[in-house]
Structure formats: C-alpha cells, structure tokens
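Trainee: I have a structure I would like to understand better, so I am pasting it below and will then ask my questions one at a time.
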Amino acid sequence: MAATVWRDDPFLPRNLVSGSRRALGTGYEWICRGGSVSLAAWVGSLPLIYWYFHLLTPSSLFANLLVVPIAFFILAIALLSLVAMPIGSGLSLIFNNANWSLASAVIAFVQWFAQLPGSHYYFGDLHWPRSVRAKITVLDVGAGAAVHLRASRADWLFDCGSARDYTRVLRPYLRAAGVNRLKGLLLTHGDSLHIGGADALLQDFVPQVLIDNRAPDRSTTHRQLRKMFSERGLNLPNLRIGESFPVSSNVTARILFPRAGFNASMADDQTLVVQLSINAARVLLMSDSGYATETALIESKADLRSDILIKGQHHSGKSGSDAFLEAVQPRLIVTTSCDFPQPERISDEWTERVCARGIKLFRQDETGAVALEFGDRDWKARAYLTGEIFRSANR
C-alpha cells in the first residue's frame, strides 16, 4: 500500500505525472536506497562497535542519510583541491575552505543526532546468567574514591574521583559496564579527589537521586557544586544519622556518620559513613576517615559489624585502629594505598596487625580495582590485577 502511495505507476507515461509527484517518487526512492545502505553499514559495523566501545547507536541509521551524501562531496572537493593546486593555490584554498565547512557540518549533524533521546545505548559484556544479587566495584583511583554498586538493575555511585580520574578511569568504566543513567550518587565529603568529577558526571549520567554531605567545609569544589545543585533543582534528600534509604529491592543503606552539630577542621574527619545491607551481608564504606571518625563511631554505640570494610587512608596516615577493627570485625578489608603522599601509603606494621587478626587484606596498590559479587547466601571478592579471589566461605 505504501509503495502505491509514494511510487509512480510504472505503466503511466512520464508526461502525465506531475512535477510534484515525480519529486515525491524520487525522494522516496532516494530514502529507500540510502536507508538500505545505512542499514547494511550499521549491521555490518555493529559487532565491532559493540566489541570495542560497548555501544549501540540507533540514531546512526538516520544520521547516515545526511552524513554519507555530504561525505561524498567532501571526497570530491578534496580531489578537486589536489587537481587545482598546480593551477593556482587560491583556487585550491577555496576548495579547502569549502571542505572545512562541510566537515564542520558533518560534526554538527553527528553531535546533534547523538544528543537525541534514545540515540545511543551502552551495554556491558555479554555473559551467561549468574545468580548475583548485587555487585560492588571498588575502582583504583589513588587517594580518591569511586565505588560502583549495581543491584536489581539500579546503579549507584559513591564518590566519583577527581576530574582527571573521572575522565581517565570512571567514565570509560561506566560505559564499558553498560551504565546509561545512574539511579543515585552519594558524595561523602568535600575533598576534590573524591568529588571533582561530579560536574561532568551529572551531565553524562544524570542521577535521579543525589545525596550530599551537608556538613560545612572549606572546599572550593564543594561550594561550587552546591551552587550548581541549587540552580538545577536536583533531588537532594536530607538524611540524618541513623536513617536508611533503599538502594534497590535487596540493598539498603544506612547513614552512620556524621551526627548533627559535629564539626572538624578537616573534611576527611566529617565524611559520610554508610553501611550497606546486601541480603545477609554488610559492607561498611568509610571513605578516608581517620581516628577521629572511628572514635566517634565507637562511642555512638552503633552496630558497626560488617563483613567487608572499604576504606581509604587518612591524610595523617592514621586509620584502621585496633579498637575500630574490633568493633567492625570484618572478614575482608579493601583499602587504598598510595606511594605519594607518603602518609597515604599503608604501613607494613598495620598490614601485619590486620593479617594477625585473620582478616583478608586487598590493598589496591597491588590488586588494582576489586569486584565484590553477592549471591543469596555468600559473596566473593576478585582482584583485577592479580586475579586473586577471596570467598566468604574461606577461613
């Protein structure tokens, strides 16, 4: 039916067909031919684009209808420029400027199509279905932090690293993991090494929920972000100590610190401390809190017992006290460790004390990123660099 509407009757003489009707038929034929070529090119390149970029681009089917004809003219004009060069450099310059204009138009068209809703989607690696209820990836971004949680198709991020680490590590990782939009983002404190990439991340992944540390600090980066939050009217729930919020259907997060009115001279000492409950397991996110935070948590009488402790090294070099480890009783510790600055490298003495308690230690200067997978009754941790695996059943 569509063919009879858009195409001319092949038995009708051409002189009896109106000009508008011929133009309509010519346009329909051009779209069909261009669309078939675009579809064939898209299907042929799809495996390579997915393999290397984890990307699916439906918009390219339509973008190619404009870009491919323009690309033909770009090649033709480039050839004319080469031919015209021996005749006159001025004529060649005109052709080159025309080519530059067409190339700019192609870039503008592609960027416009890429911004359309549903224009592209990122997908993670294909794998056989596994009985994993939640997965946490602790990225290795030096003294900063970026922890990605995926559960029930909900993606949360706890801190996002510095602006450089976001561009170099976090954004490529999220794309490769198939993250197109975040369910939530939690910023623990005002250190630029932890939240410097938030501005770009909010534009790229548009989290539905944003939880910010309301404690006052002297961070210029944090102050600029707070101004941007208010201008954009973002969803900023005001959570207090002891309150819980759902991360997904089987994951709950509880705020343990800081309490109202708690003031510290350093932002690291008033960081948001979060305890995750994933089925029967608990994960304690300490960021790079130090002795002051650990002491306050112990005095709060909160139930700190957790299977896994994820921590950074405090700038003073003092964190993970014996009293705190006794209160948490972790089976596994994932910790950052940096050669510079020196205090943020974990000491051999502290490592020996941890191992003497029978606690498995994954230090990220050796293991790199660490992936934690949680099933119905058990969990396991895997180091990206060494491939070492630690399971909850290990003794």
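The values are calculated or read from the model by the stated rules, or taken from the named source; none is laboratory data. Since the model is a prediction, treat every value here as computed from it, not as a measurement. With ideal geometry, Cβ positions are generated from the backbone for all residues, glycine too; neighbour counts draw on all protein chains shown.
Matching residues to (1) closer than 20 Å to Leu55 by Cα; (2) touching a residue at least 24 places away in the same chain (Cβ under 8 Å); (3) assigned to a loop (DSSP other than H, G, I, E, B):
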| residue | (1), (2), (3) |
| --- | --- |
| Asn97 | no, no, no |
| Trp100 | no, no, no |
| Ser104 | no, no, no |
| Phe113 | yes, yes, no |
| Asp125 | yes, yes, yes |
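Trainee: Another question, then. Report yes if some residue within segment 380-388 is touching a Lys or Arg at 6+ places or on another chain (Cβ under 9 Å), farther than 22 Å from Val251 by Cβ and modelled with pLDDT of 95 or more; otherwise report no.
Mentor: Yes, segment 380-388 contains at least one residue that is touching a Lys or Arg at 6+ places or on another chain (Cβ under 9 Å), farther than 22 Å from Val251 by Cβ and modelled with pLDDT of 95 or more.
Trainee: What about Asp159, is it touching a His at 6+ places or on another chain (Cβ under 7 Å), in the same structural domain as Ile241 (by TED's automatic domain parsing) and crowded, with 20+ Cβ neighbours inside 10 Å?
Mentor: Considered against the rule, which asks whether it is touching a His at 6+ places or on another chain (Cβ under 7 Å), in the same structural domain as Ile241 (by TED's automatic domain parsing) and crowded, with 20+ Cβ neighbours inside 10 Å, Asp159 comes out as yes.
Trainee: Identify, from the list Pro237, Pro246, the residue that is assigned to a loop (DSSP other than H, G, I, E, B) and at pLDDT 85 or above. Break it down into steps so the answer makes sense when it comes.
Mentor: Values: Pro246 fails: assigned to a loop (DSSP other than H, G, I, E, B).
Exactly one of Pro237, Pro246 is assigned to a loop (DSSP other than H, G, I, E, B) and at pLDDT 85 or above, namely Pro237.
Trainee: Would you confirm whether or not segment 253-260 contains a residue that is surrounded by fewer than 20 Cβ atoms within 10 Å (Cβ to Cβ) and more than 24 Å from Ala154 (Cα to Cα)?
Mentor: Among the residues of segment 253-260, at least one is surrounded by fewer than 20 Cβ atoms within 10 Å (Cβ to Cβ) and more than 24 Å from Ala154 (Cα to Cα), which makes the answer yes.
Trainee: Would you mind telling me which numbered condition in (1) more than 30 Å from Phe73 (Cβ to Cβ); (2) in contact (Cβ under 8 Å) with a residue 60 or more places away in the chain; (3) part of a loop (DSSP other than H, G, I, E, B) Gly118 fails?
Mentor: Just one mismatch for Gly118, condition (1).
Trainee: May I pose another question? Out of segment 133-145, which residues are within 11 Å of Thr336 (Cβ to Cβ) and part of a loop (DSSP other than H, G, I, E, B)?
Mentor: Our first condition is that a residue be within 11 Å of Thr336 (Cβ to Cβ); within segment 133-145, this holds for 138-145.
Once the filter is applied, which keeps residues that are within 11 Å of Thr336 (Cβ to Cβ) and part of a loop (DSSP other than H, G, I, E, B), segment 133-145 yields Leu139, Asp140, Val141, Gly142, Ala143, Gly144, Ala145.
Trainee: Look through Ala371, Ala381 and report the one residue that is buried (at least 20 other Cβ atoms within 10 Å of the Cβ) and closer than 24 Å to Val141 by Cα.
Mentor: Numbers: Ala371 fails: buried (at least 20 other Cβ atoms within 10 Å of the Cβ).
Result of the check over Ala371, Ala381: Ala381.
Trainee: Among the residues of segment 374-388, write down those that are within 20 Å of Gln329 (Cα to Cα) and either part of a strand (DSSP E or B) or of a type in the set (Phe, Trp, Tyr) (or both).
Mentor: Of all residues in segment 374-388, those within 20 Å of Gln329 (Cα to Cα) come to 374, 377-381.
Correct list: Phe374, Trp379, Lys380, Ala381.
Trainee: Only one of (1) farther than 24 Å from Ala292 by Cα; (2) within 28 Å of the chain's Cα centre (by Cα); (3) touching a residue at least 24 places away in the same chain (Cβ under 8 Å) fails for Thr386. Which number is that?
Mentor: (3)
Trainee: Shifting gears a bit: If you go through segment 210-243 one residue at a time, how many are exposed (fewer than 13 other Cβ atoms within 10 Å of the Cβ) and either among the small types (Gly, Ala, Ser) or touching a residue at least 60 places away in the same chain (Cβ under 8 Å) (or both)?
Mentor: Qualifying residue count for the region: 3.
Trainee: Any residue in segment 182-205 that's in the same structural domain as Phe245 (by TED's automatic domain parsing) and surrounded by fewer than 20 Cβ atoms within 10 Å (Cβ to Cβ): show its pairings with residues that are small (Gly, Ala, Ser) and in a loop (DSSP other than H, G, I, E, B) at Cβ separation under 7 Å, as long as the two are six or more apart or on different chains.
Mentor: What qualifies is Ser192/Ser162; Ser192/Ser219.
For (1) more than 27 Å from Arg282 (Cβ to Cβ); (2) modelled with pLDDT under 90, each residue gets a yes or a no:
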residue: Ile107; (1), (2): yes, yes
residue: Asp125; (1), (2): yes, yes
residue: His148; (1), (2): no, no
residue: Ala163; (1), (2): yes, no
residue: Tyr173; (1), (2): no, no
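Trainee: Under the condition of being farther than 10 Å from Ile333 by Cα and aliphatic (A, V, I, L, M), which residue from segment 344-366 is modelled with the highest pLDDT?
Mentor: Result: Ala356.
Trainee: Let me ask another. Given Val43, Val67, which one is at pLDDT 80 or above and exposed (fewer than 14 other Cβ atoms within 10 Å of the Cβ)? Before you say what the answer is, go through the steps one by one.
Mentor: Values: Val67 fails: exposed (fewer than 14 other Cβ atoms within 10 Å of the Cβ).
Answer to the selection: Val43.
Trainee: Related question: Kindly indicate whether any position in segment 142-151 is in the same structural domain as Phe245 (by TED's automatic domain parsing), over 22 Å from Asp199 (Cα atoms), surrounded by 14 or more Cβ atoms within 10 Å (Cβ to Cβ) and touching a residue at least 60 places away in the same chain (Cβ under 8 Å).
Mentor: Of the residues in segment 142-151, the ones in the same structural domain as Phe245 (by TED's automatic domain parsing) are 142-151.
Narrowing the set further to residues that are over 22 Å from Asp199 (Cα atoms) leaves 151.
With surrounded by 14 or more Cβ atoms within 10 Å (Cβ to Cβ) added as a condition, the list becomes 151.
From what is left, the residues that are touching a residue at least 60 places away in the same chain (Cβ under 8 Å) are 151.
Among the residues of segment 142-151, at least one is in the same structural domain as Phe245 (by TED's automatic domain parsing), over 22 Å from Asp199 (Cα atoms), surrounded by 14 or more Cβ atoms within 10 Å (Cβ to Cβ) and touching a residue at least 60 places away in the same chain (Cβ under 8 Å), which makes the answer yes.
Trainee: Going through segment 244-280 one residue at a time, which ones are touching a residue at least 60 places away in the same chain (Cβ under 8 Å) and charged (D, E, K, R)?
Mentor: Within segment 244-280, Asp268 is the sole residue that qualifies.
Trainee: Then there is this: Might you check whether a residue that is out of contact with any Leu (no Cβ under 9 Å at 6 or more places or on another chain), assigned by TED's automatic domain parsing to the domain that holds Gly144 and either in a strand (DSSP E or B) or closer than 23 Å to Arg331 by Cβ (or both) occurs anywhere in segment 251-267?
Mentor: No, every residue in segment 251-267 fails to be out of contact with any Leu (no Cβ under 9 Å at 6 or more places or on another chain), assigned by TED's automatic domain parsing to the domain that holds Gly144 and either in a strand (DSSP E or B) or closer than 23 Å to Arg331 by Cβ (or both).
Trainee: Another question, then. When you look at Tyr52, is it loosely packed, with under 14 Cβ neighbours inside 10 Å, closer than 27 Å to Arg181 by Cβ and touching a strand residue (DSSP E or B) at 6+ places or on another chain (Cβ under 7 Å), yes or no?
Mentor: So Tyr52 fails the test.
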